[in-house]
Amino acid sequence: MMINQKTKNLLGINGSGRIGKLTLWHHLISRKFDGAVLNVGRIVGKSLDDLVQTITTDSTYGTLGHFLYGRCGKPCDIQVDYDDQVIVIDGFPIKVLNTERNPANINWKEEGVRIVVDCTGKFLDPNLPDNDPKGSITGHLAAGAEKVIASAPFKSKKEVDIDRFPTIIYGINHNAFDPGKHHIISAASCTTTGLAYMMKPLLEDRETCEVLTASLSTIHAATNSQSVLDTVPTTNTSDLRKNRSVLNNIILSSTGAAKALEKVIPEVSQFGFMADSIRIPTTTVSLIALNITFNSRLNESGNPYINGNYIKNIYKKAAEGEHKGLLHLSMQQNVSMDLIGKRAAIVIEGQEIHTRTGFLRIPKDILHQVGANLEDVNIPVTHAKIMGWYDNEFGSYVTCLGYLTEHVASQLA
């Protein structure tokens, strides 16, 4: 049951946590790769059977068979070769590696892997050398991989050269990928992915492209970085709330989603953008509450062009056109459970788009100070509130990560 590397198009996955496992699930659906090499870095449980159970069951999405084929569908055909450490799920072979955790020591070349998706969340500094004793994302290249995709934003004490190490979101800027010079890329975060799909249609429309300021709150499902029960903070911990129980608290937190968006949509840097996160005790599906203020023109009747219906139509056109399949406009009254597994970067809650237009008064004395010999001026300004759902694990993030991985693979000679 060994995988023949010479004839197979194999994907490398480093890490089998939430994103690593669901990335495997995505490629079990798409079958754009002929198989996968999964580096776990250690023995899971007592045998390979325990890893099989781990990757075929999930407390959020159910069993793999139900996920792939529905509640009344067939069960998965699973075969295990204990000698070669290969799991075959419905004909899709998965070679398991469990001895190395340092990327530089994972022999991807020998395994026939050209592209690696690093889902560990541990190796996010592209500035570190490949021989860093604690491991580095560049180590994957030294081990024979040609391209590496990090399933999280880059983190570095030094400035990251975005020309060499870009942040790319499928459907937003994936055409910027240059196989000749981009060998390590970041697929951003779940919130940045959803936010990018909310912002790009607005920035490409004539009436809504002039943004004065914006802010967001993401009402975010729990993650493994939080404590199940209250724990004692480690030395030098600055945010004590992360050590409080995720089971029964609403927890204020932070997010770098807005700042990261500048690397994907540079126009965002031209206006102020604030962002915060509110963690809630659910397993997946999060909600972006976007507050955004525009310079607003008035029509011939003296009414603002920008209103709830205008913004709704922007998203409707995007959902039917450029972003079809990944941006959805829903006119239903959704709750978070309705969006579990929904394969969309963002689902705009159409009934909850609200706007209000006011007038910014600039007194004539201020105008005179800047050389404008005018009387008092009233400038129309429209504020909008827009809600967008995203399944922060599989449906939104892993789907876009999977499509990005397939796009990168398609660009290799």
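The values are calculated or read from the model by the stated rules, or taken from the named source; none is laboratory data. Nothing here was measured: the structure is a model prediction, and the numbers come from that model. Quick reminder, even Gly has a Cβ in these numbers, built from the backbone with ideal geometry, and neighbours come from all protein chains shown.
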From the list 314, 346, which one is touching a Pro at 6+ places or on another chain (Cβ under 7 Å) and at negative phi? 314
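Taking the condition in the same structural domain as residue 209 (by TED's automatic domain parsing), in contact with a helix residue (DSSP H, G or I) (Cβ under 9 Å, 6 or more places away or on another chain) and farther than 30 Å from residue 226 by Cα, does residue 320 pass? Spell out how you get there, then give the answer.
Values: in the same structural domain as residue 209 (by TED's automatic domain parsing): yes; in contact with a helix residue (DSSP H, G or I) (Cβ under 9 Å, 6 or more places away or on another chain): no; farther than 30 Å from residue 226 by Cα: yes.
Against the criterion (in the same structural domain as residue 209 (by TED's automatic domain parsing), in contact with a helix residue (DSSP H, G or I) (Cβ under 9 Å, 6 or more places away or on another chain) and farther than 30 Å from residue 226 by Cα), residue 320 does not qualify.
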Residues within region 97-120 that are surrounded by 19 or more Cβ atoms within 10 Å (Cβ to Cβ) and part of a loop (DSSP other than H, G, I, E, B), tallied: 4
Those residues of region 335-390 which are of a type in the set (Asp, Glu) and touching a helix residue (DSSP H, G or I) at 6+ places or on another chain (Cβ under 6 Å) amount to 375, 376
Among the residues of region 203-211, are any farther than 28 Å from residue 339 by Cβ, outside the structural domain of residue 340 (by TED's automatic domain parsing), at pLDDT 95 or above and within 24 Å of the chain's Cα centre (by Cα)? no
Here is a list of conditions, (1) surrounded by fewer than 19 Cβ atoms within 10 Å (Cβ to Cβ); (2) at pLDDT below 90, and residue 338 meets all of them except one; can you say which number that is? (2)
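Within region 209-254, count every residue that is over 29 Å from residue 357 (Cα atoms) and either in a strand (DSSP E or B) or in contact with a Phe, Trp or Tyr (Cβ under 8 Å, 6 or more places away or on another chain) (or both).
In the first step, residues of region 209-254 are kept if they are over 29 Å from residue 357 (Cα atoms); the result is 220-254.
In the following step, the residues that additionally are either in a strand (DSSP E or B) or in contact with a Phe, Trp or Tyr (Cβ under 8 Å, 6 or more places away or on another chain) (or both) were identified as 220, 227, 245, 251-253.
Residues flagged as over 29 Å from residue 357 (Cα atoms) and either in a strand (DSSP E or B) or in contact with a Phe, Trp or Tyr (Cβ under 8 Å, 6 or more places away or on another chain) (or both) within region 209-254 amount to 6.
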Some residue of region 355-366 being in a loop (DSSP other than H, G, I, E, B) and buried (at least 20 other Cβ atoms within 10 Å of the Cβ): no
Is it the case that some residue within region 36-53 is touching a residue at least 60 places away in the same chain (Cβ under 8 Å), of a type in the set (Ser, Thr, Tyr) and surrounded by fewer than 21 Cβ atoms within 10 Å (Cβ to Cβ)? no
Scan of region 300-311 for residues that are surrounded by fewer than 17 Cβ atoms within 10 Å (Cβ to Cβ) and at pLDDT 95 or above, ordered by number: 309
Filtered residues of region 8-20 (kept if of a type outside the set (S, T, N, Q) and buried (at least 24 other Cβ atoms within 10 Å of the Cβ)): 11, 12, 13, 19
Return the residue satisfying two criteria in turn: it lies in region 133-186 and is among the β-branched types (Val, Ile, Thr) and more than 30 Å from residue 319 (Cβ to Cβ), and of such residues it is farthest from the chain's Cα centre (by Cα). 138
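Just a yes or no: is a residue in region 130-150 basic (Lys, Arg), outside the structural domain of residue 381 (by TED's automatic domain parsing) and surrounded by 22 or more Cβ atoms within 10 Å (Cβ to Cβ)?
Taking region 130-150 and keeping what is basic (Lys, Arg), we get 134, 147.
From what's left, outside the structural domain of residue 381 (by TED's automatic domain parsing): 134, 147.
Applying the additional criterion that residues be surrounded by 22 or more Cβ atoms within 10 Å (Cβ to Cβ) yields 147.
Yes: one or more hits.
Determine which member of the set 238, 225 is modelled with pLDDT under 95, assigned by TED's automatic domain parsing to the domain that holds residue 327, loosely packed, with under 13 Cβ neighbours inside 10 Å and under 23 Å from residue 287 (Cα atoms).
On the way: 238 fails: under 23 Å from residue 287 (Cα atoms).
It is 225.
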Residue in region 70-89 that is among the charged types (D, E, K, R), buried (at least 18 other Cβ atoms within 10 Å of the Cβ) and either at pLDDT 95 or above or more than 29 Å from the chain's Cα centre (by Cα) (or both) present: no
Residues in region 255-275: is at least one of a type in the set (S, T, N, Q), in contact (Cβ under 8 Å) with a residue 24 or more places away in the chain and assigned to a strand (DSSP E or B)? no
If you check residue 321 against the conditions, is it under 28 Å from residue 212 (Cα atoms) and small (Gly, Ala, Ser)? yes
